[in-house]
Amino acid sequence: MSKEEKAKKEKKTKKKGKAKKVLLILLGVFMVLMIGAGIFAWSYWNKLLEGCPELDLSKRYNYSIASTVYDVNEEEIAAYVGNENIEWVTIDEIPDQLKEAFIAIEDKRFYTHPGIDIRRLISAVIGQITHSSNHGGSTITQQLIKNMYLTRAKTYERKAQEIHLALQLEKQMSKDEILEWYLNILYLGETNYGVKIAAQDYFGKDLNELSLRECAALAGLVQSPNVYNPRVAVRENNFEPMNYRINTVLYTMHEQGKITDEEYEYALNDTFDIKESTERFLLYDYPTYVEYAIEDVAKELLEKDGQPVTSETLQEMRIKIRNEGYQIYTAFDRNIQDIAQQEIHDFDNYPRTENGEDAEVSAVIMDHHNGRVVAMIGGRSETQSAEGFNRATDSLQAVGSSIKPLSVYAPALDCGCNPGTTVLDIKEKIEGYNTDEGYPGGLTDEDVITMRRALEQSHNIPAVRFLLEKVGIDKALEYMEAEGFDLNHISPSPAGMALGASDVSTLEMTAAYATLANLGEYIEPHAYIKVLDRDGNVILDETTVERHQVYKESTSWLVTNMMETNMVNGLGVRGRLKHMHCAGKTGTHEQKVISFGGYTPYYTSFVRVSSDDYVNLIKPSSYYMTSALWKAYMQPIHEGLEDKEILPKSAEELGIYKTRLCTNSGLLPKDDCPTQYEYVTDESKPKERCSQHYYPNKEDLYECWWDENGVFHDNGWWDENGVFHLYTDGY
Ligand SMILES: [Zn+2]
């Protein structure tokens, strides 16, 4: 190699080295730029993910789901549904063709992609730019994420979050779990979420009954739930958009080899019936009871949460119940409800109102042993509107004398009276009765009267006197509150309490009567037996139901006994049941309301007839009417039940026994007192002897006497000289 050549080569090498250097620098700059871009992209990505929600998988079960109301036999009465209710189906319950229809049209690489589908994403972007297609590029996983976690806003942030969460979700759940979730929460037009409800709503079918074409119709809805909606097609008599979409779905399925040529051909030419109107929001059966039960549960849940019960909080809780998927097991007895509603509907002796309308009815039937409301009547016919006015619970009216056992007689017995205790029943001013006359109207004996007769004949003067002289307003109010009355509506006056001129509801009256029927123990009336949440946890049961003793058990026995004789000797006679013990009391308030409350060994029921406008009734004095009405439905309800004593404890068990009392003074008889047998306890047996009747009378032989120690015996008599003889003495 010549020197020249050498130099040339050297130069070349130098040149080469220089070029290498430049290349390296360039490379370095490029790498720095790349890293910079990477860092920038990474920080930009992270910025987009700021405020990204957590992937909370419990959200899977936070969908809206209707609550179900069951009767006492655990048969469904009603689905209490909201607007966005879902009926969850498991992946195994979803037919393959339905799954494949959705996958084919929405996300054909669903089973292979990691949550996002790059090829689909790129094709979506190109499609958008060239306007050649308008699919969103979102996978099923992304759609699910969007529906569950993100807003509808079309921003880069939201898209970035969607991708981020979709990738996370795929790591935590199986494909089947994701698909199941997706198909259950998907919006499919109208008020339909999820494939099960949509199939029922549009086609009236269960999922396993769907034809291939129907499957395709549902899958076709995802892109535009309104445009391709079967019901819209019917409504607008334009089936073209829907059919075009269905055929597209079928074509896609066929192209992907999901259906055979034959299936494809058949489905293309197949037809289906579309239900023209939704049945999802038609009124459920037994709305009066169902809505009472919902309100009852709502109140209890509010109280459990420590929240106040107002009309607003109640409405919020009702909405919650519509969407929380509770299982509400009630005491509702379909058989009893049907009988009572039918008999009340068919009853043909109702008074008419002054306005020329038919009087209306409300009634409640309770099992007094446990406080369960088993049936509720809101009118002569079952109401036809949802969440309407419930006469049995919402309507407060005066009920008249049917309140007397609850406000006067049971309290008086509890305060030491017995059924033979007497008061004046004459038209003269009563201290504390504030009207011009000074005493209430109505029939009177113009004499003294026993409590038993006063109840049987429903006299008003003795009721007022028993209230004022034997109990007192304040004490009686305490009893009424304990029996469950809302004292805000009770007028604390003799008329308001003893004569029933206070506003009370049919449900309140029934629960108070049930207290007398349950040996004096009040149990809060309630519809539910238990309530479960969607996971099957008991969130409410009867253990929280308020119960407390109001009366001595003996008081319950005595007042029951008085109302039993009222069904034989008194005004309640038309209500007496055949072959079944019963106790009850009529009531009339002015010319506006007639009522009857009573009970048997099995059930307590109160019934009220009046006008909604509270105007006069044309045949108001027919107090017989409500007792006959009560009998009309109570008799068939007791068909087949064994007759027995009303109360589970006998007089002996409760320390009650018969003794002779002076009919006038109500005290222990002496010499020529007119007397009767009456039930007393040691406590309520008079301690004094009658002082009204002194003189012995040969004709009147009385078997009662006191010995020198003041002990009472009932096996002797006085002669005309006032000398006492034992029977063994002979006479
Ligand atoms: Zn006497």
Review point. In nm, what is the difference between 0.36 nm times the number of residues separating TRP42 and VAL568 and their Cα-Cα distance?
Key: 180.1 nm
Review point. Out of LEU487, ALA101, LEU24, whose Cα points farthest toward the positive end of the dipole of the chain (charges: +1 Lys, Arg; -1 Asp, Glu; placed on Cβ)?
Key: LEU24
**Study point:** From the C-alpha gyration tensor of segment 402-503, square roots of 5λ in Å
**Key:** 20, 16, 11
Check your understanding: Once amide H atoms are placed 1.01 Å from N in the peptide plane, what residues at a sequence separation of 5 or more from ILE529, or on another chain, have their amide H within under 5 Å of its amide H?
Key -> TYR329, THR330, ALA331
Review point. Tilt of helix 3-48 relative to the longest C-alpha principal axis of the chain, in degrees (0 to 90, nearest 10)?
Key: 10 degrees
Point to revise | Equivalent ellipsoid semi-axes - Cα gyration tensor, segment 488-627, angstrom | key: 29, 20, 16
Revision key, fill the gap. In this structure, the FRET efficiency calculated for ILE35 and ASN237 from their beta-carbon separation, with R0 = 56 Å, to the nearest 0.05, is 0.35
Review point. Using alpha carbons only, how many degrees (0 to 90, rounded to 10) separate the axis of helix 506-517 from the longest principal axis of the chain?
Key: 60 degrees
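Return HIS459, HIS526 ranked ascending by Cβ neighbour count within 10 Å, so the fewest neighbours appear first.
Exposure proxy ranking, most exposed first: HIS459, HIS526.
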Check your understanding: Tell me, ARG547, ARG119 in order of fewest to most beta-carbon neighbours within 10 Å?
Key -> ARG119, ARG547
Review point. Using the alpha-carbon centroid of each, what span in Å lies between segment 378-415 and segment 67-145?
Key: 52 Å
Review point. Distance in nm between label sites at GLU75 and LYS18, each 7 Å beyond Cα in the beta-carbon direction?
Key: 10.2 nm
Exercise for review: Just grab the label-to-label distance for GLN591 and ASP56, each label 7 Å out from Cα along the Cβ direction, in nm (one decimal).
Suggested key: 6.4 nm
Practice item. Compute the signed sum of charges (Lys and Arg +1, Asp and Glu -1) over the other residues within less than 15 Å, Cβ to Cβ, of SER43. Key: -1
Practice item. Tell me which residues come under 5 Å, amide H to amide H, from LEU210 once H is placed; ignore anything under 5 positions away on its chain. Key: none
Review point. Starting at 0 and stepping by 10 Å, how many percent of the alpha carbon pairs of segment 491-553 end up in each bin?
Key: 19, 33, 29, 14, 5, 0
Review point. Which distance in Å, rounded to a whole number, links the C-alpha centroids of segment 321-362 and segment 570-635?
Key: 16 Å
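Using unit Cβ charges (K, R positive; D, E negative) and no other charged atoms, how large, in debye to the nearest 20, is the dipole of segment 284-349 about its Cα centre? Write out the running numbers ahead of the final one.
Values: 6 positive and 15 negative charges, 71 e Å.
Value, rounded to 20: 340 debye.
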Check your understanding: Based on the Cβ-Cβ distance of GLU279 and ARG119, what FRET efficiency does E = 1/(1 + (r/R0)^6) give at R0 = 45 Å, to the nearest 0.05?
Key -> 0.55
Review point. Which of the residue pairs LYS108/LYS146; LYS427/LYS475; LYS146/LYS196; LYS427/LYS552; LYS108/LYS196; LYS99/LYS146 have a Cα-Cα distance greater than 30 Å in the structure shown?
Key: LYS427/LYS552
Exercise for review: Answer with one residue from ALA363, PRO405, VAL234: the one whose Cα lies farthest towards the positive end of the charge dipole of the chain, charges on Cβ with Lys, Arg +1 and Asp, Glu -1.
Suggested key: VAL234
Practice item. Report ³J(HN,Hα) in whole Hz for each residue of segment 355-361, in order, from the Karplus equation J = 6.51 cos²θ - 1.76 cosθ + 1.60 where θ = phi - 60°; Gly and Pro get x. Key: 7, x, 9, 6, 5, 10, 10
Revision key, fill the gap. With Cα coordinates, the longest principal axis of the chain makes an angle with the long axis of helix 553-569, in degrees rounded to 10, of 70 degrees
Point to revise | Cα radius of gyration and Dmax for segment 82-269 (Å) | key: 16.1, 46
Review point. Under a point-charge model restricted to the Cβ atoms of Lys and Arg (+1) and Asp and Glu (-1), what is the dipole moment magnitude of the chain relative to its Cα centre, in debye to the nearest 20?
Key: 7000 debye
Practice item. Output the Kirkwood hydrodynamic radius of segment 583-682, Cα pairs only, in Å rounded to one decimal. Key: 16.8 Å
**Study point:** CD proxy at 222 nm, helix term only [per DSSP H run n ≥ 4: -39500 (n - 2.57); per residue of the chain; nearest 500]
**Key:** -12000 deg cm²/dmol
Review point. Please identify the GluC sites (Glu not before Pro) of segment 72-151 that satisfy two criteria: DSSP loop assignment and at most 11 other Cβ atoms within 10 Å. Which are they?
Key: GLU74, GLU75
Review point. So for the chain, taking the charge dipole from beta-carbon charges (+1 Lys/Arg, -1 Asp/Glu), which of THR659, SER123, TRP630 sits furthest toward the positive end?
Key: SER123
Practice item. Within the set of other residues whose C-beta is less than 10 Å from the C-beta of HIS254, count the net charge using Lys and Arg as +1 and Asp and Glu as -1. Key: -3
Exercise for review: Relative to the compact-globule scaling 2.2 N^0.38 Å, provide the ratio for the alpha-carbon radius of gyration of segment 180-333.
Suggested key: 1.38
Practice item. Counting other beta carbons within 10 Å of each Cβ, put TRP88, TRP45, TRP181 in order, fewest first. Key: TRP45, TRP88, TRP181
Practice item. Check the straight Cα-Cα distances from LYS59 and name the aspartates and glutamates below 18 Å, setting aside those fewer than 8 residues away within the same chain. Key: GLU84, GLU87, GLU162, GLU170, ASP176, GLU177, GLU180, GLU324, ASP533, ASP535
**Study point:** Residues in segment 340-384 that a label on GLU542 would reach, taking backbone N under 18 Å of a point 7 Å out along Cα→Cβ
**Key:** 365-376
Review point. In debye, nearest 20: dipole of segment 446-522 around its Cα centre with unit charges on the Cβ of K, R (+) and D, E (-)?
Key: 260 debye
**Study point:** P(r) histogram, all alpha-carbon pairs of segment 159-236 included - 10 Å bins from 0, percent
**Key:** 18, 43, 26, 13, 1
Check your understanding: Given the chain, what whole percent of its Cα pairs are spread farther than 49 Å?
Key -> 43 percent
Check your understanding: So how far apart, in nm, are the two label points at SER174 and ILE426 if each is 7 Å from Cα heading toward Cβ?
Key -> 9.3 nm
Review point. What is the sum of charges around GLU683, taking Lys and Arg as +1, Asp and Glu as -1, for the other residues whose C-beta is under 12 Å from the C-beta of GLU683?
Key: +1
Check your understanding: Using r as the Cβ-Cβ distance of GLU157 and THR435, and R0 as 56 Å, what FRET efficiency do you calculate, to the nearest 0.05?
Key -> 0.15
Exercise for review: Please list, in chain and number order, the residues 5+ apart from ILE77 or on another chain whose amide H is under 5 Å from its amide H, with Hs placed from the backbone.
Suggested key: VAL69, TYR70, ASP71
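No value in this document is a laboratory result; all are computed from the given coordinates. Just so it is clear, the structure is predicted and the values come from calculations on it, not from any experiment. Cβ sites come from the backbone with ideal geometry, for glycine too, and all protein chains shown count toward neighbours.
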